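A.B. asks: Below you will find the structure I want to go over with you.
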Amino acid sequence: MKAKFLSALLMCTFFTGLCLTSCDNNDDPQPDKNDKKILIETTIKNPDGSSGSSYIQLIPDFSKQTLDNKNSIQVGFDAGIKVYGNEVYVFPEYGKDGTQELVKYTYDGSRSLTKTATLSLPPMSGTFNMVKASKEKAYASMYNLGKILIFNPEKMTKTGEIDLTTYAAGDNNPDPAYMLIRDGLLYISLNQVGSNWMPSPDRKQVDVVIVDITTDQVIKVISETKSNLTFPTRPFLENMIFTDEKNDIYIACVGGFGMDPRLSETGFVCIRSGKTEFDESASWDISQVTIEGTSYKTGSLTNCKYIGNGKLCSFVTIPELINDNPYSAKYSMAVAIDMKAKTVKKIEGIPLSDGHSIFIETYKNQVIFGVYGDKQAGFFTYNPVNGEVSEGPVVSTAGNPIYMHSFE
């Protein structure tokens, strides 16, 4: 299931303009109608569903439109992207193909994205994500090597490394996935998968390494063993580890992607604010909760976005809908999750998607879902206040929509 764990996110060339118009003595700058503020990434899959090509492009706004890839820039298959302000970091595609380097682009706030630096990565490192501690320090998970790369994101130079291989279970790689920094500590979720890219059914627990970002030394490894949840976060989806209004950390756990009944548990674990241990009383296995509006239960929680007040928007898998080719089957359902009420509800109007298009992000007062359905592909909007969903995708795409970022 390589493509399921990897697929990170993208990069591109942005253009943006400023037009100064003088309406009065203030001479306030007004946006140029040619400004391009929205970054989009799409993927065209090959027939096998596990390979293909990805493309990035800028568009002026998030209004009703249909996109092709004629004016896009090709990037690695399912290439991941991380944006900090006007800095855009693009990760290599998974595996041996493509250039194994982390590329930094700088958006000038006007109309261009300039390639400003690159950082060479070890072959097959599986570097899919990063978190910034400061302007001079960042961490990147090397998923396939069991290590954390420490680098200067300004100069794009390596400054150190944290070896986590001694914390592996069953092999020599604990598979460090997504990370989060809270109160001077780096929390690193460990997937602990085997050669089949799944955790062991005989070892159901969630492991997290905690590192002091001042010294880069491991403080300890904590484990949640009560809930039987496994596979904390995916290595390329940043919103699966998050803090709420109380600064509590929540980590979404995938389990077996709905494909192994021995790994059916999926849901959330919690590390309370000011604590460095799991609060096992706050763990929640959602696999036995019937999805309101359906007769299904959740097979796996494959992406989520916290939107406040204990509520999330998520994609979950429906095992009954997975066919012989899980790369192309439409089995990912958009749902609204309420952690306080302990409910999972189908979002009507958003089609079932395949496993590639499970993107979720907030934009203004809307939640954006990237969907590749049987008849429609593109970015849908959902209003969490009144439940309204756009009539079809707002931005229709050629291929799988997998990423969106707004520079507005």
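A.B. asks: Can you send over the solvent-accessible area of residue 159, 1.4 Å probe, protein chains only, in Å² to the nearest 10?
C.D. replies: 90
A.B. asks: Cut-off under 13 Å on the C-alpha distance; same-chain residues fewer than 8 positions from residue 330 excluded. Which aspartates and glutamates are left, in chain and number order?
C.D. replies: Within the straight-line cut-off, residue 330 pairs with 320, 354, 374.
A.B. asks: Where does the chain land at 222 nm, in deg cm²/dmol rounded to the nearest 500, when only DSSP H runs of n ≥ 4 count, each adding -39500 (n - 2.57), divided by all residues?
C.D. replies: Value at 222 nm, helices only: 0 deg cm²/dmol.
A.B. asks: Within 10 Å, count the other beta carbons around each residue, average over each peptide in 211-222, 178-189, 231-242, 147-158, and list them highest first.
C.D. replies: Most protected by this proxy first, the peptides run 231-242, 178-189, 147-158, 211-222.
A.B. asks: Convex hull over the Cα atoms of the chain, averaged projected area in nm²?
C.D. replies: Orientation-averaged projected area of the Cα hull: 20.2 nm².
A.B. asks: What is the gain in length, in nm to one decimal, between residue 365 and residue 288 on full extension, counting 0.36 nm per residue of separation less the C-alpha to C-alpha distance?
C.D. replies: 24.6 nm
A.B. asks: Using only the Cα atoms of the range 350-408, build the gyration tensor, take square roots of its eigenvalues as a ≥ b ≥ c, and label the shape rounded, prolate or oblate: rounded if a/c is under 1.5, else prolate if a/b is larger than b/c, else oblate.
C.D. replies: oblate
A.B. asks: Taking just the C-alpha trace of the range 48-104, give me its Rg and Dmax in Å.
C.D. replies: 13.1, 38
A.B. asks: Sorted by average packing, counted as other Cβ atoms within 10 angstrom per residue and highest first, what order do 379-387, 164-172 take?
C.D. replies: For the peptides 379-387, 164-172, the packing ranking is 379-387, 164-172.
A.B. asks: What shape does the range 202-248 take by its C-alpha gyration tensor, where a ≥ b ≥ c are the square roots of the eigenvalues and a/c under 1.5 counts as rounded, a/b above b/c as prolate, and the rest as oblate?
C.D. replies: Cα axes put the range 202-248 in the oblate bin.
A.B. asks: Now a separate question. Give the value in nm², to one decimal: projected area of the alpha carbon convex hull of the range 77-136, averaged over all directions.
C.D. replies: Directional mean of the projected Cα hull area for the range 77-136 stands at 4.5 nm².
A.B. asks: When we measure straight from the Cα of residue 220, which lysines land under 16 angstrom away, once same-chain ones fewer than 8 places off are left out?
C.D. replies: Within the straight-line cut-off, residue 220 pairs with 147, 275.
A.B. asks: Pick out, in residue order, every one of the trypsin sites (Lys or Arg not before Pro) in the range 247-312 that is DSSP loop and has at most 13 other C-beta atoms within 10 Å; say none if there are none.
C.D. replies: Answer in residue order: 275.
A.B. asks: Starting from the Cα of residue 341, step 7 Å along the direction of its Cβ; do the same at residue 408; then give the gap between the two resulting points in nm.
C.D. replies: 2.9
A.B. asks: If eta is 1.002 mPa s and T is 20 °C, what Stokes-Einstein diffusion coefficient results for the range 86-218, Kirkwood Rh from Cα pairs, in µm²/s?
C.D. replies: 137
A.B. asks: Next question, about the same structure. Which value does Rg/Rh take for the range 186-282 over its C-alpha atoms, Rh per Kirkwood?
C.D. replies: Computed over Cα atoms, the ratio is 0.96.
A.B. asks: OK, next. Using a 1.4 Å probe on the protein chains only, how many percent of the accessible area of the range 125-187 belongs to carbon and sulfur?
C.D. replies: Carbon and sulfur together cover 45 percent of it.
A.B. asks: Exactly which trypsin sites (Lys or Arg not before Pro) in the range 333-369 are in a DSSP loop and have at most 15 other Cβ atoms within 10 Å?
C.D. replies: Answer by residue number: 340, 342, 364.
A.B. asks: Set the bar at 22 Å for Cα to Cα. Now go through 246/346; 311/346; 37/155; 36/375 and name every pair that lies beyond it.
C.D. replies: Flagged as over cut-off: 246/346; 37/155; 36/375.
A.B. asks: While we're here: If you place +1 on the Cβ of every Lys and Arg, -1 on the Cβ of every Asp and Glu, and leave all else neutral, what size is the dipole of the range 142-243 about its Cα centre, to the nearest 20 Debye?
C.D. replies: Value, rounded to 20: 160 debye.
A.B. asks: Which loop-located chymotrypsin sites (Phe, Trp or Tyr not before Pro) does the range 294-368 contain, where loop means any DSSP state but H, G, I, E or B and the Cβ has at most 11 other Cβ atoms within 10 Å?
C.D. replies: For chymotrypsin sites (Phe, Trp or Tyr not before Pro) across the range 294-368 that sit outside H, G, I, E and B with at most 11 neighbouring Cβ atoms in 10 Å, the list is empty.
The values are calculated or read from the model by the stated rules, or taken from the named source; none is laboratory data. Predicted model, so just to flag it, every value in this text is computed and none were measured. Ideal geometry is used to build each Cβ from the backbone, glycine not excepted, and the neighbour counts take in all protein chains shown. These accessible areas exclude ligands, DNA and RNA; they are computed on the full protein's heavy atoms, side chains included. Shrake-Rupley method; radii C 1.70, N 1.55, O 1.52, S 1.80 Å.
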